[in-house]
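Comments concern the structure below.
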Amino acid sequence: MKEEGLAQPKNMTEKNKKRDSFRSQWGFILACIGSAVGMGNIWMFPIRVHKFGGFTFLIPYIFFVIVIGYSGIIEEMALGRGLKSGPRGAFLKATQMRGSKIGKYIGLIPVVGSFAIAIGYTVVVGWIIRFLVGSITGSMIDASDSGAYFGAIAGPYGSLIWHAVAIIICIVIMSYGIGSGIEKVNKVMMPAFFLFFIILAIKVAMLSGSQEGYRFLFSPDFSELKDPQIWIYGLGQAFFSLSLAGSGTVVYGSYLSDEDNIPYSAKWTATFDTIAAMLAAIVIIPAIYAFQVEAAGGPPLMFIIMPSIFKSMVGGRIFSVIFFIAVLFAGISSLINLYETPVEMLEERFGIGRKTATMIILIIGFVVGIGIENGDVLGAWMDAVSIYVIPLGALLAAIIFGWVLDKEFAIREIFKGTGRKVGENELIYTWIKYVYVGISLAVYLIGIFWGAIG
């Protein structure tokens with residue numbers, strides 16, 4: 001590719017000189033882990049494991065984590081870093097290299113997807129804050145009916161105050177920027193998340209009857225692998241758990257230094273996301289067996305089943321506080337990543353200051369979110385975005401990187417900072433161009449015809 005093909009419009013280049021950045025590679029990795037570790041790890045992964053034969057489900061899940069981690073995470077990080085922009089700017093710059101400006105339109109798709117999911121996710125984080133407060137005060141533990149307690153919160157305007165608190169927390173963190181805000185907070189929240197879940201796992205191991213849960217969890221039934229569903233849901237769980245949407249990972253990558261090693265960052269992001277999911281399973285599945293409660297995924301697991309378990313547990317109030325603090329950290333770290341995509345777009349596209357852009361986006365998010373606070377409406381909203389928008393954004397980012405960007409430029413961005421010679425490392429690029437694009441397309445089409453698989 002000719003060097004002038006890489007030249008961007010002068011005003012874009014000048015903007016990028018002032019661009020915020022992560023201050024360390026591990027700060028970046030922890031932020032990416034925070035983005036990936038979310039409700040899918042906590043309220044969906046354990047139930048998928050429970051439904052599809054325990055350890056058996058881990059086989060397709062880990063297989064797809066490796067395949068996608070080796071391609072999709074690397075691709076999105078490299079796309080953002082190479083073009084020093086979030087999805088809209090990156091898509092535009094990539095298509096401009098081919099003489100087209102269509103990228104500024106299709107680049108809005110992952111931005112809209114990220115913003116829409118963030119709006120719904122904020123409502124959930126509001127619920128988490130309410131349950132944390134209820135754990136501290138004892139109102140959650142003392143409630144005679146956990147289902148009714150949650151129903152009152154998940155009804156129309158039932159969590160308005162806590163929804164607002166979630167917004168305020170995000171505004172405060174994000175207003176400080178990348179290095180001073182998002183990176184610093186993730187350096188605290190992510191280690192704390194893992195520590196708290198380890199504490200919970202130790203407590204659950206001491207419960208009578210939990211051994212049956214471990215036996216189920218670690219006893220594979222290989223005959224289950226013949227069922228196509230286990231592979232479809234293993235793919236969906238891995239894809240969505242790794243937070244691939246052509247948005248958050250791209251925008252975080254755009255703040256990454258050229259000296260940092262992207263394959264190394266991708267490896268540890270996928271590894272710790274998987275560890276987080278396994279910790280959740282090791283806590284929740286044995287607890288379900290110990291107290292002989294019916295397993296259910298999604299919000300009922302977190303807001304009805306787990307509170308019921310804590311009520312029956314010695315020291316349940318303390319451990320419910322630990323649980324909901326850990327869950328809140330996972331929720332906030334994911335939420336600030338989701339909001340970062342539209343915030344970055346406002347900053348770059350319109351030259352708006354960081355604090356102003358953050359306030360605009362999050363206030364809009366709050367106002368729209370009020371209309372979907374009802375649990376049933378929220379579920380339909382999240383399913384629609386997850387099925388029709390999020391995987392499309394991931395697919396478009398993969399196509400942009402593998403089929404629109406110049407091959408030499410793409411490979412150079414993957415291996416910049418690794419010390420490896422570009423000419424010797426085409427395998428990852430080829431994997432992205434064919435295998436990962438195919439996987440993204442499959443996830444998108446399966447989601448449309450099959451329903452939510454993430």
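The values are calculated or read from the model by the stated rules, or taken from the named source; none is laboratory data. From a predicted model like this one, the values you see are computed outputs, not experimental measurements. FYI the Cβ positions are ideal-geometry reconstructions off the backbone, even for glycines, and counts take in every protein chain you see. To get the accessible areas, we keep the full protein, side chains included, count just its heavy atoms, and leave off ligands, DNA and RNA. Shrake-Rupley method; radii C 1.70, N 1.55, O 1.52, S 1.80 Å.
Side notes on the structure shown:
- Unsatisfied cross-links (Cα-Cα over 22 Å) in the set LYS187/LYS267; LYS84/LYS104; LYS84/LYS355; LYS203/LYS311; LYS355/LYS416; LYS187/LYS433: LYS355/LYS416; LYS187/LYS433
- Heavy atoms of ILE275 accessible to a 1.4 Å probe, total area in Å² rounded to 10: 70 Å²
- These residues, ARG98, ARG317, ARG412, ARG19, go from largest to smallest accessible area, 1.4 Å probe, as ARG98, ARG317, ARG412, ARG19.
- Against the compact-protein benchmark of 2.2 N^0.38 Å, the Cα-based radius of gyration of the range 25-450 scales to 0.95.
- Mean-position separation - Cα centroids, the range 347-392 and the range 25-78, in angstrom: 23 Å
- Rounded Å value of the spacing that divides the Cα centres of the range 95-174 and the range 393-454: 29 Å
- Cβ-placed point charges (K, R +1; D, E -1), dipole of the chain about Cα centre in debye, nearest 20: 960 debye
- The peptide list 138-151, 375-388, 281-294, put in order of mean Cβ contacts within 10 Å with the highest first, becomes 281-294, 375-388, 138-151.
- The radius of gyration of the Cα set in the range 393-454, together with its Dmax, comes out at 14.0, 44 angstrom.
- Span-like helix ranges in the chain, DSSP H, alpha carbon extent 18 angstrom or more, Kyte mean at least -0.5: 55-68, 108-137, 160-175, 184-205, 228-241, 262-291, 316-350, 354-370, 375-388, 437-450
- Cα gyration tensor shape for the range 181-222, rounded if a/c is under 1.5, else prolate or oblate: oblate
- Volume of the Cα convex hull of the range 320-364, divided per residue and given in Å³: 69 Å³
- Rounded to 0.05, the FRET efficiency of the ILE318 and SER257 pair, given R0 = 41 Å and the Cβ-Cβ distance, is 0.50.
- Accessible surface of GLU347 - all protein chains present, 1.4 Å probe, nearest 10 Å²: 40 Å²
- Ranked order, LEU441, LEU58 - accessible area, probe 1.4 Å, largest first: LEU441, LEU58
- Global geometry of the range 27-181, whether rounded, prolate or oblate, following the gyration tensor of its Cα atoms and the 1.5 cut on a/c: oblate
- Average accessible surface area per residue within the chain, 1.4 Å rolling probe, Å²: 38 Å²
- Tensor-based shape of the range 243-298 (alpha-carbon gyration tensor, a/c under 1.5 rounded, otherwise prolate or oblate): prolate
- When nucleic acids and ligands are ignored and a 1.4 Å probe is applied, PHE131 ends up with an accessible area of around 0 Å².
- Protein-only accessible surface order, largest first, of GLU224, GLU373, GLU259 at 1.4 Å: GLU259, GLU224, GLU373
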